Every structure is written in C-alpha cells, then in structure tokens.
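Structure record follows, encoded as structure tokens.
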Amino acid sequence: MRSNLVQRLLAALVAVPLLLALLYLGPPWGWAAFLAAATTVGALELFGMTHPGDRPSQLVGLALTLGVFGVVWTWGTDARALLVLLLILPLAGMLLTLARLGDMQTAALRVAAATFGPLYLGGGMAALAMLRREGGADGPGFVVLALVLSWFSDTGAYFAGRFLGRHKLYEAVSPKKTVEGALGGLAFSVLGAVIGHFVYVRSLPLVPALVLGVVAGALGQAGDLGESLIKRSVGAKDSGSIIPGHGGILDRVDALLVTATMTYVYLMFWWQG
C-alpha cells in the first residue's frame, strides 16, 4: 500500500504541472484534444472489458464514444443535437450487437454497454472540455474545480478509510470502501469547493460552492462505485495499467466524469443565468 501511494504521488507530481500548463496557457481546443486522446484510451479500456476478444466491436465503441465527444464539443449548447444523439445511440448499440452477435448470454450486456458507454465516457470528458471553453475567463478555474472535487474526494476517502474505516460501504461492489471513507471524501470535496470560491473561481458564490461540493462529491463517489461495478461484473481488477500506481484511465476518471458533468450543469443553468 505504501509503495502504491508513493507511485501515485510521483505520478501526480509529474502530471499536475503539465495539466495546469496546458489548461491555463493553451487554447481551449488544445485542452479538448488532450481530453479526446484520454477518451480514446478510456474507451479502449471500457470496451475491452465489455466486448472481450471482439476487436471490431471495440473499435466501433471507440468511434461512438469519440462521436459523442465531438457532438457535445461542437453542438453542446444545442438541445436538438443532444436529443438526436440520445435517440441514435440506443439504435447504434442494438445494430452493433446484431452485427457482432457472439455469445447470446451476453448480448443484452453488450447492447447496454454500446449505448451507455459512449454517453458515460464521451459525454463526461466532453463536459470537462466544455467547462474550459464555455466558462470564459473563469473556464480554467471551473475545470480545476471539477478536478479538485474529484481528487479531494478520492484523497479524503483514501485516508479516512485507511485510518478510521470500520463499516463497509458497499462490500459486494467495492470491498475496501467504508462509510467513514465516504464521509471523509465528502468533507474533502466540500473543502475543495470552498477553496475554489476563495482561490481559483472567485466568481463562484460560497453557498452554491458548498452545494456543488456536496452534490458533486456524493455523486462522484457513486461514479467510482459504478466503475467498480463494471469491473467486478467482468472480473477485472483495474481497467488498465497506463498510469503507474493508478491503474487505467477509467480508474482515474470514474469520479471525474460525474463531477465534471455536475459542474458543467451548474455552469450552464445557474452560474451564467
């Protein structure tokens, strides 16, 4: 466990400054291109778990995921485009499974994965890209807010669970997670939102920051459990091994996909209103 923590810290020391430089100094499209690359890796991990041994289906799943990312990035503020996307994806998932039938016992799982996966991953990562662009001068700050809500929650849950954890949170899905860890993660998420109000998104009022910290922090942990559910259902420990000490891309963005989406919803419907 200590070795894993050291690996995580070293990876963060290298990655965080590079991410912040790209976010604050680069153009919005540069940030979007980086996220599209990460989405590509995450989609291959996801469909590698849900469609094992079926490379054509994995590549179609990747194409659908990048398609969702592209649609949201290009027409993310157009309700008509988003509605068309929601109507087309279930049809695409069904047609893909009919074309690549394979084992009938897993057909329903693969239909669901081909429909849900692109929205879950492509939509969540696109929301993180849209925060940078649609937030204007505060765009980088809103991206940092989404990242902090996720990272602080993960860190708080790790240490609270490590030193205080006594009661299992959801043992059937994630045996190591505890109620105490979840509460610690929620507290740290709120702390990250408060810091955001005073430091990196000063235009964000304190009360909405607190609400966002609670809602995004809680739902982010649910996103973490959701990815654990997918992994356990297919017998995988990690989604991949691309990041030392962190597993795969999906293992690192499971909560972020939710916190980014909730932060983007706030940006679109309340902050700009």
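Values quoted throughout were computed directly from the atomic coordinates according to the rules given, and no laboratory measurement underlies them. What you see is a predicted model; the values in this text were computed from it and never measured. Counting neighbours? That spans all protein chains shown, and the Cβs are built from the backbone with ideal geometry, glycine included.
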Measuring from its Cα centre, the chain shows a charge dipole (+1 at each Lys and Arg Cβ, -1 at each Asp and Glu Cβ) which, in debye to the nearest 20, is 360
Would you mind checking which residues have amide H under 5 Å from residue 168's amide H? H placed 1.01 Å from N; only 5 or more apart, or other chain. 179
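Using the number of other C-beta atoms within 10 angstrom as an exposure proxy, rank 237, 176 with the fewest first.
By the 10 Å Cβ count, ascending, the order reads 237, 176.
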Looking at 179, 14, 189, which one has the Cα that reaches farthest to the positive end of the dipole of the chain (charges on Cβ: Lys, Arg +1; Asp, Glu -1)? 179
Residues whose built amide H sits under 5 Å from the amide H of residue 174, excluding neighbours closer than 5 in sequence, are none
³J(HN,Hα), Karplus 6.51/-1.76/1.60, whole Hz, each residue of the range 55-64, x for Gly, Pro: 4, x, 5, 4, 5, 5, x, 4, 4, 5
³J(HN,Hα) computed for each position of the range 205-222 - Karplus, 6.51 cos²θ - 1.76 cosθ + 1.60, integer Hz, glycine/proline x: x, 5, 4, x, 4, 5, 4, 5, x, 6, 5, 5, x, 5, 5, x, 5, 5
When 197, 51, 167 are ranked with the fewest other C-beta atoms within 10 Å first, the list becomes 167, 197, 51
Rounded to the nearest 500 deg cm²/dmol, what is the calculated helix-only ellipticity per residue at 222 nm for the chain, with -39500 (n - 2.57) per DSSP H run of length n ≥ 4? -26000 deg cm²/dmol
Work out from phi, with θ = phi - 60° and the Karplus expression 6.51 cos²θ - 1.76 cosθ + 1.60, the ³J(HN,Hα) of each residue of the range 168-183, listed in order in whole Hz, and give x for Gly and Pro. 5, 8, 7, 4, 5, 9, 9, x, 8, 6, 10, 4, 4, x, 4, 5
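Translational diffusion coefficient, Stokes-Einstein: compute it for the range 118-273 using the Kirkwood radius over C-alpha pairs as Rh, at 37 °C and 0.692 mPa s, and state it as an integer in µm² s⁻¹.
D = 210 µm²/s.
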